[in-house]
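Inspection log for the structure reproduced underneath, given as structure tokens.
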Amino acid sequence: MSDAFQAPGWQPNILRLWPTIVVRRTLDECEAPNAALVRLIEDMERETDQLTASRWRDGKMFDADHDAIRWLKAGIDETTQAYFDEVGMNYGIGWTIAAWPNINRFGDYHAPHNHAWSYLSGTYYVRVPGVDGEGSPDGAAGSGGISFYDPRTSVNMLAANGEALARSEFAVAPRAGTLLIWDASITHSVHPNLAEESRISISFNIALAWSDSYLHEP
Ligand SMILES: [Fe+2]
């Protein structure tokens, strides 16, 4: 091809098929609810052995009669509705949320995994301690960050420089107030917390409440 490449005289119709969707937002005015959630989760830990493991199994954190829990659940419900609207499921979807708290101390991490038997999964970040000398720019996981991996296994084998869809890992450096919701099948991992202070988050799985309207015509 010569250097004198000419733009085509026709309009290309580029199809971006089968998207992988991750929703990221910051919940407004999160400071007071976050402070209340820290107190609530630290109280839970004092009363519960193996807090994350046992609460993950019961998934009933949102059953608590607590203003900050109601605030967070409303934010998750609103974001979940936005997800369903975006993907065309805008005909009255019902869902349930199973949530559990995480306290990650120095060095704690979570190896790559997905969330089987869920439709969507997510995490809300309550407290994210900073690490000296680390800026954690977007795209770099940093301490306590989360990475999502391309479900198209090994598609990066022939990725050329500059190809927008070629990165096999997408990292997010969350802050207190960050809410992430993603397709539960996406493999993700949590990077080690390198801060002395613990990092506190609330993870959740969203299951659809069954309706025959979900069945599509073949
Ligand atoms: Fe996870």
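The values are calculated or read from the model by the stated rules, or taken from the named source; none is laboratory data. What you are looking at is a predicted structure, and each value in this text was computed from that prediction instead of being measured. Every residue, glycine among them, receives a Cβ derived from its backbone with ideal geometry; neighbour counts consider all protein chains shown.
When you check W95 against the structure, is it in contact with a Ser or Thr (Cβ under 9 Å, 6 or more places away or on another chain) and among the aromatic types (F, W, Y), yes or no?
Considered against the rule, which asks whether it is in contact with a Ser or Thr (Cβ under 9 Å, 6 or more places away or on another chain) and among the aromatic types (F, W, Y), W95 comes out as yes.
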Residue count, segment 157-187, condition over 21 Å from E86 (Cβ atoms) and free of Cβ contacts under 8 Å to residues at least 24 places away in the same chain, comes to 11
Filter segment 28-76 for residues that are at pLDDT below 90, exposed (fewer than 12 other Cβ atoms within 10 Å of the Cβ), at negative phi and not charged (D, E, K, R) and give the result. A53
Within the bounds of segment 83-100, is there any residue that is outside any loop (DSSP other than H, G, I, E, B), under 18 Å from T178 (Cβ atoms), more than 15 Å from the ligand (Cβ to nearest atom) and without any contact (Cβ under 8 Å) to a residue 60 or more places away in the chain? no
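Test Y124 against the criterion of being surrounded by 20 or more Cβ atoms within 10 Å (Cβ to Cβ) and within 16 Å of the ligand (Cβ to nearest atom), and give yes or no. Step through it out loud before you land on a result.
Details: surrounded by 20 or more Cβ atoms within 10 Å (Cβ to Cβ): yes; within 16 Å of the ligand (Cβ to nearest atom): yes.
It is true that Y124 is surrounded by 20 or more Cβ atoms within 10 Å (Cβ to Cβ) and within 16 Å of the ligand (Cβ to nearest atom).
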Identity of the residue in segment 10-27, assigned to a loop (DSSP other than H, G, I, E, B) and touching a residue at least 24 places away in the same chain (Cβ under 8 Å), that ends up nearest to W71 (Cα to Cα): L27
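Of these, F106, F84, which one is surrounded by 13 or more Cβ atoms within 10 Å (Cβ to Cβ), within 20 Å of R199 (Cα to Cα) and of a type in the set (F, W, Y)?
Only one candidate qualifies: F106.
Can you work out which of the residues in segment 59-70 that are out of contact with any Asp or Glu (no Cβ under 9 Å at 6 or more places or on another chain) and touching a residue at least 24 places away in the same chain (Cβ under 8 Å) is nearest to the ligand (Cβ to nearest atom)?
At the first step, the residues of segment 59-70 found to be out of contact with any Asp or Glu (no Cβ under 9 Å at 6 or more places or on another chain) are 59-68, 70.
Restricting the remaining residues to those that are touching a residue at least 24 places away in the same chain (Cβ under 8 Å) gives 59-62, 64, 66-68.
Details: G59: 13, K60: 18, M61: 15, F62: 17, A64: 21, H66: 23, D67: 27, A68: 22 Å.
That would be G59.
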Residues that are within 9 Å of the ligand (Cβ to nearest atom) and part of a loop (DSSP other than H, G, I, E, B), drawn from segment 102-120: N114, H115
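Give the residue that is nearest to the ligand (Cβ to nearest atom), with candidates limited to residues of segment 162-178 that are at pLDDT below 85 and either at negative phi or among the polar types (S, T, N, Q) (or both).
To start, the set of residues in segment 162-178 that are at pLDDT below 85 comprises 162-167.
Next, from what is left, pick out any that are either at negative phi or among the polar types (S, T, N, Q) (or both): 163-167.
Details: E163: 28, A164: 26, L165: 23, A166: 24, R167: 20 Å.
The qualifying residue nearest to the ligand (Cβ to nearest atom) is R167.
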Contact list please: Cβ distance under 6 Å, first residue in segment 193-204 and assigned to a strand (DSSP E or B), second residue at pLDDT 95 or above and among the small types (G, A, S), pairs at least six apart or on different chains. I202/A99; F204/A99; F204/G122
Inside segment 166-192, the number of residues satisfying the requirement of being closer than 16 Å to N34 by Cβ and either in a strand (DSSP E or B) or among the charged types (D, E, K, R) (or both) is 4
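Residues checked against (1) of a type outside the set (V, I, T); (2) at pLDDT 95 or above; (3) within 16 Å of the ligand (Cβ to nearest atom):
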| site | (1), (2), (3) |
| --- | --- |
| P137 | yes, no, no |
| D150 | yes, no, no |
| T153 | no, no, no |
| L180 | yes, yes, yes |
| H188 | yes, yes, yes |
| Y214 | yes, no, no |
Which of the numbered conditions does G75 fail, given that it passes all the others? Conditions: (1) closer than 15 Å to Y125 by Cα; (2) within 16 Å of the ligand (Cβ to nearest atom). (2)
